[in-house]
Each structure stands twice: as structure tokens, then as C-alpha cells.
Amino acid sequence: MDPALEAAAWDLEPLVEAKGPAGVEELLNEARERAAAFAEHHRGQVAELGPEGLADAMHELAAISDLAGRAGSYAMLSFTLDTTDPARGAVIQRAHELGAAIETRLLFFELEWNQLPDERAERLLAADGLDFCRHHLRNLRRYRPHQLTEPEERVMTELNVTGSSAFRRLFTEQISAVQVALPDSEEPTSLELALSRMQHPDRELREQAARATTEALRPGVRTRAYLFNTLLADKATKDRLRDYPHWLASRNLANEASDESVEALIEAVAARYELARRWYRLKARLLGLDRLAYWDRMAPLSDTDEQIPYDEARAIVLDCYSGFSPELGEVAVGFFADGYIDAPPRPGKRGGAFCSYTVPSRHPYVMLNYTARPYDVLTLAHELGHGVHAALARPQGIFQFTTPLTLAETASIFGETIVLERLLERAPDAAGRLSLLAGSLDGAVGAVFRQVAINRFEHAVHTARREEGELAPERFAEVWLATQADLLGDAVDVHDDYGIWWSYIPHFVDTPGYVYAYAYGHLLALSVYRRYEEEGEDFVASYLELLRAGGSRPPQELGRIVGVDLSDPGFWGSGLDLIERQLEAAERAAEEAGRTT
């Protein structure tokens, strides 16, 4: 293994004061004791708090949340590194159990706060000293129609530990344990590495990897279908008890997005599916194919199996970030210096990539499964975008440093685009530009059009589960293939064996309804980048202000910082126009490179 890659490992000890798993228990016990004292002092008294008392109470809640958040982050991140280790599994389960006990102790505060009359609440929120939690407290009141009584909320919270949370953990363990038998490999490989073969220049190897992945997923599909069915039913029950009108309503509320705006996004993207098909038709011609198969969608246009060592990827990304803003570059460097990135794929390690914000008192962490493919460089830029966003927003405090999911992708896509544009400038010829544009279009189609198609799959299965009852694996496959075919049309051949591929996607079980946020965030980020193109260096300060603001304001106010109007019905079309502009640039580059026949 690349020595630099092997050395890119997390140091999780700062989260628990260098006490390892024992520190998780210690932090949670302290949080539980403070939560009990808080409840004894404040239960039944929230309506009597003045501005100073409310601020004091919120500071104590922040301290308790920090203790629990540090412990929970350590447990989750440690488990991520080896989901097959029973000891790590025991630690994360203990964190879930103690975390639920703490949460149930404190439920009363939110419920009592939401029982205050609007006029009384607004007078309190107008007072000084609440900047660190004002938006959070105001946002909580949006949940009033969906809250239950305190005893009911306590039961729901405690049963989650052995209910939905347990099923999500089992899904993660199952997928992390999948081993794929590739024909050219002596030993089975991880699902993550097998999927990375979809970017291999050799079509035969791509097809072999795709078919081997299908066979590796097949044995556990009934179990995963049962897990998914159970979680679909669990969500339906909770939505009914909380009086949510449809399956996506709770996610929209959490995202601070109206049902109408989300529907407008989905309709706008679905109405322009032809852009994705147009790209895939061009890609087929560039690859010398009549039509793409599903294993060709991420194929590189270059005929070389290019490998980019981890050190080189790090240098590229840091140079691009620093070139945009020295401050942003300095923040990014910190991730590499002190054990905040875990990069190599390992047996048992969770697949994919993510950034964990942890808590504001500690540094965020980035996870990769770096396989040295060119796309991995953009993945590093993407997750580092999340990372610098989290790092810059830390002063907002624990209640307001994370954004709704709809804005969470802004910095990551923006970071990707910075890297892409820099590489395009350095490309030696049209063929080089075409290769880079192809990678970007693959990402844009995946993040915008494919995620909306996946949202359509989620919509269909949530609806079907509520109307038809438990769904067979074959029913999931039928819906998956239908929603994918709706996107791909005649541009990609969707084989029947692709119908099983819904079953490894973690968002369906971890965060129902999440996926449309990718499209929202991608189009928002492109619109933000367009502002940068228009304003140049003058834009940098407002962009950094946006990142520092975290989630301290409503999304529309955050958008106004960088001159974007999220209430404009034409907003989505503007972002989609930028994708079309990139597609046109790829078509021109292909013609210049003589690769359109």
C-alpha cells in the first residue's frame, strides 16, 4: 500500500481525553448526571424563565450535548473503522443506550418550550445573550404540531435503541461484510473496491465486477429487504402518530424546506432527464459503443488505468483550496496534519466517504476509501469541503453549527468545482479537458439526476409499503428498475440483475428522504459558483461568511449572503443550465479531439 495512504489514519483520542472506549462511558455518565440535575431544576419551570435564565439553561444543555456528542462521535467513528469487531459494536450500542437515557431526561425542556404562547416566546428570543441558540429555539417551535406528550416521547426514544437504531446497525454490518469474488483476484475484495471497478478503462473488467457484485449481494438480499421493510413500517407508524401528511414531510421539516419547494426541485430535475441521457449517448459514442450498459456509466474516457497516489491528490486539493482562499487552505491543511482523515480501504471498514462534524469543541473528521482513481481526488475535495464548512462554523456552537441537509452539500460541491476548474486550466489539450469534463458530468448526473431518480424509488416504496404491506425483494427490484429506466431511457441498457443494487445504499435505512438534498445542494453550489465567476475575488469574503454562519439562520437568509434567492421559482433551472453548459463544453471538446464519430 502507498505509505502516505496507509499513514492517513484517524486519531480519535481527542474526543475522549485519550481514554479510549472507557472515555465513552465516562463522558456519558457525566452527561447523564448533569441531565438529571438539569431536569430536577427546570422541569415544570420553563414557562417561568426570563431571558437570562433561558440563556443559562441553554448553555447547560449545550455542555451536556457536548459530552454526549463527543462520546457518540467516538463510538460511531470507531465502529466505522471495523464494523466486524464485536467490541466496537458493544461500545456503539452502549453509547446508543446511554444517549437515549440522556435524551429522555431532557425531553421535557423542548416540550415545555413549545407550549409557550408565540408572543411570550418571541419576547424571550428578542433578548440579548441568545445568539448561540436563537435560530435553534425558533426552529424547534415548527415541530409543535407533530410532538407527542412527554411520556409518549420518552417511550419512542427508548424503544429506538432496540428498534430502528438496531436495524440500521445490522444493515451497516451486513453491507460492510459483503465480499466480492472478482475473477482476476485470488482473494475476495470489499464491496467498495469492487464498485470502484466501475471506473476501470477495461470494459470486460467492469462487466465482470458488476456481475460479481450482483452475485455477492444476492445471498443477503432477503435479509436486507426484511430490514428495509421493517424500517419503512417503523417510519410509517411514527409519521402516523406524529401526524405527518406524507413520508417526506418530516425530512422537509428538518431541512427547513417547504413541501412545495422540494416538489418544484424534483419536477424541475425530472423534466430535464434528457440532459443525463444526452450525456450518456455522447459517452457511448466516445467509448465506441452503440449503447452504455449500467456498468459503463462511470467508465473513464482515457484508455489508461490512471492511478493518482494519495500524496499527489492531497497536494492538488490543497493547492486549489489555498488558491481560492489562503484561509480556506490553512483550515484544510489541518485535516491532514493531526489525524483527522482516515483514507485507506480496509476489511470491515464502512464503505463510501463522509465527514463527521462531531461537536464544535472538537475537530471534524473525514473518512475516505481512497483507491487512487481520478474520481477519488474529487471525492477528497468534496469531503474536505464539508470539513472546512464544519471547522469554520464551530464558533456558532452546538445548536447552530450544522446546516439543514439542503445546504450541507454547498461547500463540498463548491470545493469539487474549484478543483475541477483548476485542473481544466492546466489540461494540455482538448482530450485532457474532455476527460476532466467527463468526470465532472458523471458526478453531476449522479448527484442531481440519479439522486432524484433514487428519490422517486424511495417515494414509490414508502408509498407501496403503506398501501400494500410488506414488499418482496422482487417488488423492490421492480420499482428500482422502473425508476432507473425512467431516468436512463434508451441511453443505458438496464439489465435485470441490476435490480438488486438498491440493497446496498445506506441512505435508505440511515436517513430516509435524504437523497434529494444531493440535488438541492449540487444545484445550489453551482449557482453559488456562478456568483463567484461573476464577482471574482470580491466573492471570497461573502463565501467564507456563509461557511462561518453554519446553521444559525434560515436557508433563505443564508442564500442571501452569497446573492442567491432560494425562493425564486427559476432557481433550479439556473443550476441545471450550468450543467447543460458543461455538457456543451464536453461536446465541443470531443469534436476538437476528433472523438465524435
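The three principal axes of the C-alpha atoms in the stretch 97-176 carry coordinate ranges of 50, 27, 22 Å, sorted with the longest axis first. Could you estimate the translational diffusion coefficient of the stretch 162-232 from the Stokes-Einstein equation, with Rh from the Kirkwood formula over C-alpha pairs, at 10 °C and 1.306 mPa s, in whole µm²/s? D, rounded to a whole number, is 120 µm²/s. Computed from point charges on the beta carbon alone (+1 for Lys and Arg, -1 for Asp and Glu), the dipole magnitude for the stretch 70-152 about its Cα centre is near 120 Debye. Classify the stretch 493-542 as rounded, prolate or oblate, taking a ≥ b ≥ c as the square roots of the eigenvalues of its Cα gyration tensor: rounded when a/c is under 1.5, otherwise prolate if a/b is larger than b/c and oblate if not. Taking the square roots of the gyration eigenvalues as a ≥ b ≥ c, the stretch 493-542 is prolate. For the stretch 3-162, dividing the convex hull volume of the Cα atoms by the residue count gives 143 Å³ per residue.
About its Cα centre, the stretch 3-162 has a charge dipole of approximately 380 debye under the convention of +1 per Lys or Arg Cβ and -1 per Asp or Glu Cβ, with nothing else charged. Determine the shape class of the stretch 260-316: with a ≥ b ≥ c the square roots of the Cα gyration tensor eigenvalues, call it rounded for a/c under 1.5, and otherwise prolate if a/b is greater than b/c, oblate otherwise. Judged from the Cα gyration tensor, the stretch 260-316 comes out oblate (a/c at least 1.5, b/c at or above a/b).
The distance between label points at GLU48 and SER258 comes to 4.1 nm (points 7 Å beyond Cα on the Cα→Cβ vector).
Quick check: from the Cα gyration tensor, does the stretch 173-288 come out rounded (a/c under 1.5), prolate or oblate? Since a/c reaches 1.5 but b/c is at least a/b, the shape of the stretch 173-288 is classed as oblate. Considering only beta bridges that DSSP places wholly inside the chain, some 55 percent are antiparallel. Pairs of Cα atoms nearer than 8 Å and 6+ residues apart set the relative contact order; for the stretch 468-542 it is 20 percent.
Rg over Rh for the stretch 222-321 works out to 1.15, using Cα positions for both radii and the Kirkwood form for Rh.
For the chain, the Cβ-based charge dipole about the Cα centre amounts to some 1000 debye (Lys, Arg positive; Asp, Glu negative; other atoms uncharged).
Size descriptors for the stretch 37-80, from the alpha-carbon set: Rg then Dmax equal 14.3, 44 Å. Think of the chain as having a plus end and a minus end, set by charges on the Cβ of Lys, Arg, Asp and Glu; of SER190, LEU49, GLY489, GLY489 sits farthest toward the positive end of this dipole.
Other residues whose C-beta falls under 12 angstrom from the C-beta of GLY397 contribute a net charge of 0, scoring Lys and Arg +1 and Asp and Glu -1. At R0 = 41 Å, how high is the FRET efficiency between ASP490 and ARG218 if r is their beta carbon distance? Nearest 0.05 is fine. So the FRET efficiency works out to roughly 0.90. Label-to-label distance, GLU557 versus GLU425, with points set 7 angstrom from Cα along the beta-carbon direction: 3.5 nm. Taking a cut-off of 16 Å between Cα atoms, list the lysines near LYS238, but don't count ones fewer than 8 places away on the same chain. Once the sequence-local lysines are set aside, nothing remains near LYS238.
Protection proxy ranking, highest mean first, for peptides 376-385, 471-480: 376-385, 471-480, where packing is the per-residue count of other beta-carbon atoms within 10 Å, averaged.
Below 11 angstrom from the Cβ of LEU49, what's the summed charge of the other residues (Lys, Arg +1; Asp, Glu -1)?
With Lys, Arg at +1 and Asp, Glu at -1, the neighbours total -3.
In this calculation the C-beta distance from GLU592 to ALA177 is compared with R0 = 45 Å, giving a FRET efficiency of 0.45.
At R0 = 22 Å, how high is the FRET efficiency between GLU545 and ASP565 if r is their beta carbon distance? Nearest 0.05 is fine.
Calculated transfer efficiency: 0.85.
Across the chain, Cα-Cα distances exceeding 44 Å account for 16% of all pairs. In this entry, the stretch 503-597 is assigned a mean projected area of 9.7 nm², taken as a quarter of its C-alpha convex hull surface. With one equal scatterer per alpha carbon and no solvent term, the Debye-computed log10 I(q)/I(0) for the stretch 393-452 at 0.26 1/Å reads -1.06. Would you mind counting up the charge near ALA447? Only other residues with Cβ under 12 Å from its Cβ, with Lys and Arg at +1 and Asp and Glu at -1. In short, -2.
Using Cα centres only, tell me the gap between the stretch 362-378 and the stretch 6-76 in whole Å. Answer, in whole Å: 29. Here the stretch 191-234 and the stretch 513-529 have alpha carbon centers that stand 26 Å from each other.
Read-outs throughout are calculated quantities, based only on the coordinates presented, and are distinct from any laboratory measurement. Note that the structure is predicted; figures quoted are calculated from it, not measured. Please note: Cβ atoms are built from the backbone with ideal geometry, for glycine as well, and neighbour counts cover all protein chains shown.
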